[in-house]
Amino acid sequence: MSHYDWWEKWMDRKHRYAKTEQVFMDEGLFNAKSVGTGLPSIYQQSTFSFQNVEDGRSRFLGVSPSGEKPFARIYTRLGNPTTEYLEKIMFQLECQHIIDNALAADEKEPTIGVMVTSSGMGAISTCIMSLLSSGDEVIVGTVYGCTDSLFRHMDEKYGVKAHFIDTSNLEKVAETLEQHPKIRAIYVETPENPTLKLNDIRGLSKLTEQHEIPLIADNTFCSPYLQQPYRLGADIVIHSMTKYVNGHSTSVAGIMLGPWDFMLNHAFVFYKDLGATPSPFDSWLNAQNVQDLAVRQKHQCTSAEKIARFLDTHPMVSKTIYPFLDSHPQHQLAKRQMRMGGAMISFELKGGYDAAVKLMNYFARHDTPMELAVSLGSVITYIQHPASMTHGGVPEDEKKRMGITEELVRISVGLEGTDVLINALEKGIRLAHA
């Protein structure tokens, strides 16, 4: 029997409505859903007046006669109409097939809940703290440095033990689950940051269902345009919307989607009490920028694949990692669960750390078409050094296990143009070996 009171109901809904043989939403439909019906007003206010006492009472009980989120018109820490609009758009992009399947079955109750947060880490921390309790254990793959740090602090301070393993190895995952019966969830990114190793969402979901625990998939590197984890078997989906959804480095935000009963009765409690809610203006910015998500990301992916092929054959590059390269060990898995190969590239230069530093310092100059910065998903191309930057806080032995070497460089490809970026990389690599 599952540890979670919402599990049985969710399994029924998951297999009827969420998991599908079709991996992606049709691209034309995705574009239409992204654009939506225009932009919402910015409700830049902290509190909302009630029509009468009964209206206020009903909203605090979670009841709304007009169909909007009842908590979105009480106090902005609990929700806001501008944020509600963004939540609906993102919900459709990740879960339109669930909506359609439920409506076809004349289902009256909601299946999935969604909450936009003030950052990606706000979504992750809300999820983990509302899902796990002291004494629980969790499997964690190779993840972003702050996510890694959160799980280590949860272990040290709150008694939630994390097992950091190679989650791309299904046999290792199965073995760990058998050896540790207190494991209550698996948390993965796919592709992983920064090694671009993939996790088999379908394969992992079979294991988590056997053990009646949720599979949490961080979909930040792909966005719903490239990958839709619910179709593949995920139970909870998280994004840092700061990245591809925003796409312009103008806002920090996150999102969490999960089984309705869990989101309402568990996650929302922590969401409102921790205060991980976004400002109305940030939600408006993201509602605006999501409109051209597919157009931006398609161009970025096309450019990234060409740049990856350039790096893969460059005599001064010792290793290039990109999911749609034939040399990527999980190339076929990438083709099965991703629409395109993504806009992230990791590579190692011959000459090691010193050459990598010279290359990145070249792009720190103002006369080059990249920026030395740690974010990703922007129309601006960013280059950075994971071992000392995004994953600087990860223990050295763990970095070695993950494959985060001193010479590893990560690029997030933007929209400056393929030839412009390749020419700049060629010049930068030459200077790095001068």
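Figures for the structure shown
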item	result
Antiparallel content of DSSP bridges confined to the range 173-308, in %, to 5	35 percent
Dipole moment magnitude, nearest 20 debye, the range 122-222 about Cα centre, only Lys, Arg, Asp, Glu C-beta charged	140 debye
Proximal lysines to Lys298, defined as alpha-carbon separation beneath 22 angstrom and excluding residues fewer than eight positions away on the same chain	Lys33, Lys197, Lys243, Lys306, Lys335
Pairs of Cα atoms farther than 29 Å apart, the chain, %	45 percent
P(r) tail fraction, the range 229-323 - alpha-carbon pairs more than 17 Å apart, %	67 percent
Charge dipole of the chain about the Cα centre (unit charges at C-beta), most positive-ward option of Ser49, Ala18, Phe363	Phe363
Relative contact order, percent, the range 7-291 [alpha-carbon distance under 8 Å, six or more residues apart]	27 percent
Cα-based shape type of the range 241-398, given that a ≥ b ≥ c are square roots of the gyration tensor eigenvalues and the cut on a/c is 1.5	prolate
Kyte-Doolittle mean at least 0.5, axial Cα span of 15 Å or more - DSSP H helices of the chain	120-131, 418-432
Which of Ile112, Met129, Asn101, positive extreme of dipole for the range 91-151 (C-beta unit charges)	Met129
Surrounding net charge for Gly352, when Lys and Arg each add one and Asp and Glu each subtract one, Cβ distance under 10 Å	-3
Calculated [θ] (222 nm, deg cm²/dmol) that DSSP helices of n ≥ 4 give over the chain, each run adding -39,500 (n - 2.57)	-12500 deg cm²/dmol
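Values quoted throughout were computed directly from the atomic coordinates according to the rules given, and no laboratory measurement underlies them. In this text the structure is predicted, and so the values were computed from the model without any measurement. Backbone-built Cβ (ideal geometry, glycine too); neighbour counts: all protein chains shown.
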